[in-house]
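Presented below is the structure to which this report refers.
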Amino acid sequence: MKKGPFGFFLHVFVLFLTGGIAEAIEVRVLRDLPYAETSNPRQTLDLAIPSGPAPETTGHPLVIWIHGGGWKNGDKGSGHRPDRLRTLVKTGRFAGATIAYRLSGEAKWPAQIHDCKAAIRWLRGNAKKYGIDPKRIAVWGSSAGGHLVSMLGSSGGNEKLEGKLGKHLNQSSRVSAVVNYYGPSALLQMDDYPSKIVHNAPNSPESQLIGNPIQKSKAKALQASPLHHVTSDDAPHIHFHGTDDPLVPFNQSEIYHEALKNAGVQSILVTSKGGGHNMPGSFAARFVLPFLDHALHGKGKPLGDLTTSPN
């Protein structure tokens, strides 16, 4: 790794055999770019850009990773794992970004979604500079990150959730596609199904996010629930959830999936039979990549609901 005038550069070489000739794709990573005009490290993002010129007329479609951690832990570094953004960017067909956001110990809801939307506006405002297509932006996240990407997919145009952060308030924060890894969708219904967490408790991750026990702050809990925002113009979604998830009940993806379909929104549910609060690394190449190739490039056929093994 070396440092250049535009930040840190990570060189990732991926070999593709075409007619017996090996071609290397280099990925440039720019780290800790501030998106909200603050010095807060939680309001920064990393960009991963494939080598070579971007398509002249459009730029690369962008996929944004949003980390999990119960809204109180985690960091944007998780997006650099080989089975996450790197799987996509190394194909040369996508640019990637992984964003940090203020955690619940620092700021309460809706600060988290304000940060995510500010990051998207910043990326659109700087799209030409980085060879990004501002019309093709997808989001992908796990657990609390799955909740935030679902909020981004369902709350486009909601002024109360937009915030006033950054210099690019004229840009849209809407997204073109959502990859939801086992995110909560309806905070007030989480205790309706078995879980190792008492979600209605004052110290639950959901109550800490809201700043009060969720059942005593129902209006705010509904505002923080993607299910509450579903409309017919929402982005296409693909959900991944384990039937034996001990932290976020499987029903959270089921009810959100059904609500989107009932509204006429494309929604796909990948059920991990017996799976827990995780997804195999292989799912990025097996399912996420084909979904995004179809959603952002118009390639291939759309996936359908399916049940698979967690192994």
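Among the criteria (1) closer than 18 Å to residue 144 by Cα; (2) over 19 Å from the mean Cα position of the chain (by Cα); (3) without any contact (Cβ under 8 Å) to a residue 24 or more places away in the chain, the one residue 217 does not fulfil is (1).
Can you report the number of residues in the range 1-48 which are of a type in the set (A, V, I, L, M), part of a strand (DSSP E or B) and modelled with pLDDT of 95 or more? The qualifying residues number 6. Among the residues of the range 216-232, those that are assigned to a loop (DSSP other than H, G, I, E, B) and out of contact with any Pro (no Cβ under 9 Å at 6 or more places or on another chain) comprise 217, 230, 231, 232. Only one entry in 290, 194, 202 is surrounded by fewer than 18 Cβ atoms within 10 Å (Cβ to Cβ), modelled with pLDDT of 95 or more and over 30 Å from residue 162 (Cβ atoms), namely 290.
Identify, from the list 125, 146, 105, the residue that is at pLDDT 95 or above, surrounded by 20 or more Cβ atoms within 10 Å (Cβ to Cβ) and small (Gly, Ala, Ser).
Working: 125 fails: surrounded by 20 or more Cβ atoms within 10 Å (Cβ to Cβ); 105 fails: surrounded by 20 or more Cβ atoms within 10 Å (Cβ to Cβ).
The unique qualifying residue is 146.
When you scan the range 233-248, how many residues do you find that are surrounded by fewer than 24 Cβ atoms within 10 Å (Cβ to Cβ) and either outside any strand (DSSP E or B) or of a type in the set (A, V, I, L, M) (or both)? Break it down into steps so the answer makes sense when it comes.
Keep residues of the range 233-248 that are surrounded by fewer than 24 Cβ atoms within 10 Å (Cβ to Cβ), which gives 233, 235-236, 242-247.
Applying the additional criterion that residues be either outside any strand (DSSP E or B) or of a type in the set (A, V, I, L, M) (or both) yields 233, 235-236, 243-247.
Counting residues in the range 233-248 that are surrounded by fewer than 24 Cβ atoms within 10 Å (Cβ to Cβ) and either outside any strand (DSSP E or B) or of a type in the set (A, V, I, L, M) (or both) gives 8.
Show me the helices (runs of 4 or more DSSP H) entirely contained within the range 52-144 in which 2 or more residues are in contact (Cβ under 8 Å) with a residue 60 or more places away in the chain and touching a Phe, Trp or Tyr at 6+ places or on another chain (Cβ under 6 Å). Walk me through how you get there before you give the answer.
Details: elements: 85-89, 111-125, 127-130.
The qualifying helices (runs of 4 or more DSSP H) are 111-125.
Can you tell me which residues in the range 211-236 are closer than 28 Å to residue 262 by Cα and either touching a Phe, Trp or Tyr at 6+ places or on another chain (Cβ under 8 Å) or modelled with pLDDT under 95 (or both)?
First pass over the range 211-236, keeping only residues closer than 28 Å to residue 262 by Cα: 214-215, 217-236.
Correct list: 220, 223, 224, 226, 227, 230.
Taken across the range 299-306, residues that are surrounded by 20 or more Cβ atoms within 10 Å (Cβ to Cβ) and not in a loop (DSSP other than H, G, I, E, B) do not occur at all. In the range 257-298, the residue that is nearest to the chain's Cα centre (by Cα) out of those that are polar (S, T, N, Q) and assigned to a loop (DSSP other than H, G, I, E, B) is 278.
The values are calculated or read from the model by the stated rules, or taken from the named source; none is laboratory data. Being a predicted model, the structure only gives us computed values, none of them experimental. Neighbour counts run over all protein chains shown; Cβ positions are idealised from the backbone, glycine included.
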